[in-house]
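Laboratory data are not the source of any read-out in this text; all were calculated from the coordinates shown. Fair warning: this is a prediction, and the values are worked out from it, not measured in the lab. Here the Cβ is made from the backbone with ideal geometry for all residues, glycine too, and neighbour counts use every protein chain on show.
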Protein chains: 4
Amino acid sequence: MAVRTPDPDPDVPEEPNASSRPSVNPGWLSDVELAEIRQRLPLLYVEAVPVRVDGLGVVTEVGVLLRSTPTGQMTRSLVSGRVMYGETIREALFRHLEKDLGPMAFPQLPTSAVPFQVAEYFPMPGVSLFSDDRQHAVSLAYVVPVTGTCEPRQDALEVTWMTAVEAASDAVAAEMEGGRGALVRSALASVGCLH
Amino acid sequence: MAVRTPDPDPDVPEEPNASSRPSVNPGWLSDVELAEIRQRLPLLYVEAVPVRVDGLGVVTEVGVLLRSTPTGQMTRSLVSGRVMYGETIREALFRHLEKDLGPMAFPQLPTSAVPFQVAEYFPMPGVSLFSDDRQHAVSLAYVVPVTGTCEPRQDALEVTWMTAVEAASDAVAAEMEGGRGALVRSALASVGCLH
Amino acid sequence: MAVRTPDPDPDVPEEPNASSRPSVNPGWLSDVELAEIRQRLPLLYVEAVPVRVDGLGVVTEVGVLLRSTPTGQMTRSLVSGRVMYGETIREALFRHLEKDLGPMAFPQLPTSAVPFQVAEYFPMPGVSLFSDDRQHAVSLAYVVPVTGTCEPRQDALEVTWMTAVEAASDAVAAEMEGGRGALVRSALASVGCLH
Amino acid sequence: MAVRTPDPDPDVPEEPNASSRPSVNPGWLSDVELAEIRQRLPLLYVEAVPVRVDGLGVVTEVGVLLRSTPTGQMTRSLVSGRVMYGETIREALFRHLEKDLGPMAFPQLPTSAVPFQVAEYFPMPGVSLFSDDRQHAVSLAYVVPVTGTCEPRQDALEVTWMTAVEAASDAVAAEMEGGRGALVRSALASVGCLH
């Protein structure tokens, strides 16, 4: 499974050996099924911009994931993944935060399910700010304070903590997958930290 | 096709004779395919609460659709429908507004794609405020001022214009499909009109 | 000083013996000055609806203050108070949370300063949903999770924790000052908990 | 009256010859009174980023005001002004839009009074993103589509219509008063147009 941009390894935890076992959970999809559906329907994602905050709720640092692609290229990304059948938005958000930041990150999930932005990823670049050559995905994006220790799991190599100014820089935007530099800036704007 | 709650006849305009023609547009799904996918993935919807506003943007009336179900029961609903493959949120919203309110409604689509609420519909009642026995659907809901004349098409019998107080009443909520009374109240709260 | 509705005793902590001392801090106002300004300018307030949340950020309980008015009447209210000169919105919010809930409430201030609602209080009832016979006040309202122990200080007798359904009830709304029942419902709608 | 940054000539329409006439409307303030209050209380403002939108609500152009300061310097600004005593947020927004864009701009005021950002202006730069050497002002900022013809009145020389990319550029930000370049970017982020 040579998936690329949005969620580099999104379905492995939910679908171990997906193609070799009978699909007991109807929400699990084999690689073949998922590949086919990706040409037919917009898939629903959640994304999170992890942040550190001070005692007054002001964002002091922004967490960006560093990943290695299958071809060995380094790219930056956000916490991201699919919403599964039967799963609430919050459950999906929590699952992907734990998957990408480890079990000791202690994220404070938002009280409201209204995202700071709805990011629309199309296979063809240029339709919107965001692209994903695998699929049409619609992603609900949230700013999530984390209070614990982040230990990236799976293929994320590390979580890099940056100031708001660094995170919004052109240099970081250029390293981010699928146009997510714009999503980071939008996250910063939503918390009043975009210069 | 005996569909029920969310969007009573959602796919007819996009998928005429879906089961009898070759699927030229990969985003079109046959009834059988759609029925199967509905057991596997959350489907992405948009919903709109049509409103009339005064010159200062204050909501003066709320539009609620009156429909007849296949069994002849009267229910109330909102503008609602799926987001198709390749379609932006705004295109889907506009398409469903035109489908349900007619071509002369002249809706003013929001400048922001951030919804006032994300409504999660599960097949089993009780998981969230909203239910849909056909599927797991996640709906991005918007308040949309309309400035023209509404002539409901398809199976909607009429658009009933109500005051905010009427629209938020228990009587209207009891007639709405899938728990959408809560969505109307949330819409009213978002525009500062919920008592 | 027989103040009434919004914040029953808002300025005492900031302005001890306000009328008897020279105004060293230019942001401090004597009672006479404040009374006069209240007839000339809209005053800026912050309000908070304290909530308890579960591990996924879902609101499980809503905190409502019970107060005794100078005339001995029991009324319900929210955390509320003025923004002082030179103070940020967040500082004001934190100060009033501490004033009304005590120092061990450990509120989690929002990452965004965008309120869930802007409540406009006018001296004459009927202009908006909210009224305050002392003044024209504009209040930025936030939902704030608290994780510690609440010990109301000053004139608040207790914090009553209620379910979302109780907090949104007509009975509670009837006991709330200045129309704040509508603000509680709006808060609940913003976090997806209003039925 | 040598006012400078936020609203270059905010009170003239409301307070003609303010210092020479008896203050019949208690909401009117003489220059001396206003100057004094500005050292004592945060003043409430509204600001608007005027935009042109296409049929789907996508922002296509952003309107920025060009002004000449009393010293002859050219600066860029937004629609901005105080909320008066007894005036609703929407009335203030409409009044300042008409003042700055003329009577034929036909602005579409938002259905929700919740701003896309709360901008806090302090006399000392560095406390927040925004500064105003005259006062502590808290501004509720809105994106407002205009459908008519803009003819700036008073001291605004013209409305310059720009693309989102131009409006978000460092060059434009450098010409804007009080740090409002950040507010324009935040406005663009809120409508999904910030790259």
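Sequence-distant or interchain residues sharing an amide H contact under 5 Å with D:Asp133, placed H: which?
The answer is D:Thr5.
Can you compute the FRET efficiency between C:Glu36 and D:Glu91 using 1/(1 + (r/R0)^6), with r the Cβ-Cβ distance and R0 = 25 Å? Round to the nearest 0.05.
So, using R0 = 25 Å, E works out to roughly 0.60.
Calculate one ³J(HN,Hα) per residue across the stretch D:32-46 by plugging θ = phi - 60° into the Karplus curve 6.51 cos²θ - 1.76 cosθ + 1.60, and present them in order as whole Hz with x for glycine and proline.
Rounded to whole hertz, the list is 5, 4, 4, 4, 6, 4, 4, 9, 10, 9, x, 9, 8, 10, 10.
Just name one of B:Ala164, B:Ala174, B:Cys193: the one whose Cα is farthest towards the positive end of the charge dipole of the stretch B:155-195 (beta-carbon charges, Lys/Arg +1, Asp/Glu -1).
Ranked along the dipole, the leading option is B:Cys193.
Once you average over the residues of C:180-186, how many Cβ atoms of partner chains fall within 10 Å of each Cβ?
So the per-residue partner count for this stretch is 4.
Any idea what the relative contact order of the stretch D:126-195 is, in percent, if you count C-alpha pairs under 8 Å spaced at least 6 apart?
Working: 37 pairs, mean separation 23.2, N = 70.
33 percent.
In nm, to one decimal, how far is the modelled label at A:Arg153 from the one at C:Leu157, with both set 7 Å along Cα→Cβ?
Taking the simple label geometry, A:Arg153 and C:Leu157 are separated by 5.0 nm.
Of C:Asp54, B:Asp132, how do they rank once you tally other Cβ atoms within 10 Å and put the fewest first?
Sorted ascending by nearby Cβ count, the order is C:Asp54, B:Asp132.
Under 5 Å between amide hydrogens, which residues at least 5 positions from D:Val144 or on another chain qualify, with H placed 1.01 Å from N in the peptide plane?
The answer is D:Val49, D:Val51.
Between the stretch D:60-130 and the stretch B:66-90, how far is it from one alpha carbon centroid to the other, in angstrom?
With the stretch D:60-130 and the stretch B:66-90 each reduced to a Cα centre, they are spaced 39 Å.
Do you know the relative contact order of chain D, to the nearest whole percent, from alpha carbon pairs under 8 angstrom that are 6+ apart?
26 percent
Convert each backbone phi in the stretch C:58-64 into a coupling constant with the Karplus relation 6.51 cos²θ - 1.76 cosθ + 1.60 (shift: θ = phi - 60°), then list the ³J(HN,Hα) values in order as whole Hz, x for Gly and Pro.
Ordered by residue, 3J(HN,Hα) equals 6, 5, 9, 8, 10, x, 10 Hz.
When only Cα pairs under 8 Å and 6 or more residues apart are kept, what is the percent relative contact order across the stretch D:79-195?
24 percent
With each run of n ≥ 4 DSSP H residues scored as -39500 (n - 2.57), what mean residue ellipticity at 222 nm is computed for chain C after dividing by its residue count and rounding to the nearest 500 deg cm²/dmol?
Calculated mean residue ellipticity at 222 nm is -5500 deg cm²/dmol.
Partner chain Cβ atoms within 10 Å, averaged over the residues of C:85-93 - can you pull that number for me?
Counting other chains' Cβ atoms within 10 Å and averaging over C:85-93 gives 6.
Would you kindly work out, in nm and rounded to one decimal, the distances from the label point of D:Ala171 to those of the same position in each other copy, ordered shortest first, with label points 7 Å along Cα-to-Cβ?
Its label point is 2.5, 6.2, 6.6 nm from the equivalent points in the other copies.
Across the residues of B:42-55, average count of Cβ atoms on other protein chains within 10 Å? The partial results should precede the final answer.
Values: counts 12, 4, 8, 0, 0, 0, 0, 1, 0, 1, 0, 4, 2, 6.
Whole-number average of other-chain Cβ neighbours for B:42-55 is 3.
How would the stretch B:50-195 be classified by its alpha-carbon gyration tensor: rounded, prolate or oblate, with rounded meaning a/c under 1.5 and the a/b versus b/c comparison settling the rest?
Judged from the Cα gyration tensor, the stretch B:50-195 comes out rounded (a/c under 1.5).
Is there a quick way to get the dipole size of chain D? I mean about its Cα centre, with the Cβ of Lys and Arg at +1 and of Asp and Glu at -1; what is the value in debye to the nearest 20?
Computed charge dipole of chain D: roughly 200 debye.
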